[in-house]
Amino acid sequence: MKISASFLSSYSIEKDIQKLNDTDVDFIHVDVMDGKFVKRKTMPFRSMKNIYKFTSKRLDVHLMAIHPKKLIKKYAQLNTEYITIHVELDEDIDSLIDLIHNYGIKCGLSIKPDTPIDVLDPYLNKIDMVLFMSVEPGQGGQAFLPETFVRIKEFKRKMKSKKLNIVINVDGGINLNNCTKLRQADILVSGSCITNSDDFQKTITKLRGGKHE
Ligand code: DX5
Ligand code: ZN
């Protein structure tokens, strides 16, 4: 189990990033919002770049944007492991996946809570990860939607029948209670659960399902 730390509900991103450098967190989850796909809008790339250059961790970039092409080009310049776009876009998803891969970066497809998982089918042979939204995208600190458990189980079944091995990442409302039921996933994104805690490392270890101390 890997942990990807997000900052949507953090009040001091720079400080929290420094604190995360001292932990064994696997990724920094970068939420990018365009004000169209979701209501809120994140800072322009030139400011984001200045923030995320302070981390030694690999980035897991989540693009919540209706036209992600330019953002892909920008975020591909950073220390990026995954770039994830939304499957709900009215765009040529195949060519966006190819664009991400052409930069040598792994590609994720994110799916909102109400989108049927079959929508992912045409892309399963070419993606590296699925990012299951377990809240409506757009803000941190929301309550986890329990139907996510069934969706992940269904997706696992589908992968087994198709003999596929796609990384499962879950994003939104993850805490120390529901993480124990998410052992089917490979990565858990966590924002407020980590940034509201006193001891980041202890929380990360607990989220991962390991013992601390
Ligand atoms: C929601 C974002 C999430 C969110 C996670 O749109 O994609 O990454 O910030 O934060 P928590 O863990 O607080 O729900
Ligand atoms: Zn996210």
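The values are calculated or read from the model by the stated rules, or taken from the named source; none is laboratory data. Only a predicted model underlies this, so the values are computations on that prediction, with no experimental measurement involved. Cβ atoms come from the backbone with ideal geometry, glycine included; neighbour counts cover every protein chain shown. Side chains are part of the model used for accessible areas, which takes the heavy atoms of the whole protein and leaves out ligands, DNA and RNA. Shrake-Rupley method; radii C 1.70, N 1.55, O 1.52, S 1.80 Å.
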**Complete:** Sole miss for PHE45 among (1) open to solvent by 40 Å² or more (accessible area, probe 1.4 Å); (2) at negative phi is condition (1)
**Message:** Of the residues ASN102, ASN125, ASN175, only one is within 25 Å of ILE13 (Cα to Cα) and either modelled with pLDDT of 95 or more or out of contact with any Pro (no Cβ under 9 Å at 6 or more places or on another chain) (or both); which?
**Reply:** ASN175
**Prompt:** Is there a residue in region 196-209 that is more than 17 Å from LEU131 (Cβ to Cβ), assigned to a helix (DSSP H, G or I), open to solvent by 30 Å² or more (accessible area, probe 1.4 Å) and small (Gly, Ala, Ser)?
**Reply:** no
**Request:** Could you please give the count of residues in region 140-171 that are near ligand 2 (Cβ under 10 Å from one of its atoms) and assigned to a loop (DSSP other than H, G, I, E, B)?
**Result:** 1
**Item:** Residue that is surrounded by the most Cβ atoms within 10 Å (Cβ to Cβ), among those in region 123-144 that are over 20 Å from MET1 (Cβ atoms) and out of contact with any helix residue (DSSP H, G or I) (no Cβ under 8 Å at 6 or more places or on another chain)
**Value:** PRO137
**Asked** Residue check: is THR115 among the β-branched types (Val, Ile, Thr) and in a strand (DSSP E or B)?
**Response** no
**Prompt:** If you scan region 1-33, which residues turn out to be over 16 Å from the mean Cα position of the chain (by Cα), of a type outside the set (Val, Ile, Thr) and not in a loop (DSSP other than H, G, I, E, B)?
**Reply:** GLU14, LYS15, ASP16, GLN18, LYS19, LEU20, ASN21
**Asked** Restricting attention to region 162-185, which residues are touching a residue at least 12 places away in the same chain (Cβ under 8 Å), open to solvent by 40 Å² or more (accessible area, probe 1.4 Å) and either hydroxyl-bearing (Ser, Thr, Tyr) or within 16 Å of ligand 1 (Cβ to nearest atom) (or both)?
**Response** ASN175, LEU176, THR180, LYS181
**Prompt:** Any idea how many residues of region 186-201 are more than 11 Å from ligand 1 (Cβ to nearest atom) and under 18 Å from ILE28 (Cβ atoms)?
**Reply:** 5
**Prompt:** Restricting attention to region 39-50, does a residue exist that is more than 20 Å from LEU109 (Cα to Cα), under 15 Å from the mean Cα position of the chain (by Cα) and among the hydrophobic types (A, V, I, L, M, F, W, C)?
**Reply:** no
**Asked** What pairs can you find where one residue is in region 187-200 and closer than 15 Å to ILE17 by Cβ and away from ligand 2 (no atom under 12 Å from the Cβ), the other is part of a loop (DSSP other than H, G, I, E, B) and β-branched (Val, Ile, Thr), and their Cβ atoms are less than 7 Å apart, with a gap of 6+ or different chains?
**Response** PHE200/THR23
**Request:** Can you confirm whether region 85-105 contains a residue that is touching a residue at least 60 places away in the same chain (Cβ under 8 Å) and touching a Gly at 6+ places or on another chain (Cβ under 9 Å)?
**Result:** no
**Message:** Given the options LYS36, LYS70, name the one that is in contact (Cβ under 8 Å) with a residue 12 or more places away in the chain and open to solvent by 10 Å² or more (accessible area, probe 1.4 Å).
**Reply:** LYS36
